[in-house]
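Read through the structure below, which is laid out as structure tokens, and then see the notes.
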Amino acid sequence: MAKQKRENFIRLAENRTNKILEMVRLLGNLSNTSNYTYTKEDVNKIFNAIENELAETKKKFDTIGGDDKFTLL
């Protein structure tokens, strides 16, 4: 069972990560000022949104494991 969970994780993580990386590369294509006009504010909004979502997602992995136990002490 644990082996299959690991294999599923690896398969899905690789697929999803590759999709995200491709989307980031495509986002980078928008930097071509021959085709697009944008402001620094636009760029900051885009990257703030991505960085915030990435930080929230990373937190989910950091808290896995049950180490955060309630105590009154």
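The values are calculated or read from the model by the stated rules, or taken from the named source; none is laboratory data. The model shown is predicted, which means the values in this text are computed figures rather than measured ones. Every residue, glycine among them, receives a Cβ derived from its backbone with ideal geometry; neighbour counts consider all protein chains shown. Surface areas here come from the heavy atoms of the whole protein model, side chains and all, with no ligands, DNA or RNA. Shrake-Rupley method; radii C 1.70, N 1.55, O 1.52, S 1.80 Å.
Looking at 51, 41, just one residue is of a type in the set (Asp, Glu) and surrounded by fewer than 10 Cβ atoms within 10 Å (Cβ to Cβ), and that residue is 41. Among the criteria (1) open to solvent by 100 Å² or more (accessible area, probe 1.4 Å); (2) of a type in the set (D, E, K, R); (3) not in a loop (DSSP other than H, G, I, E, B), the one residue 22 does not fulfil is (1).
I'm trying to understand the selection: among the residues of segment 22-73, which are closer than 30 Å to residue 9 by Cα and of a type in the set (Phe, Trp, Tyr)? Residues satisfying the conditions are 47, 61, 70.
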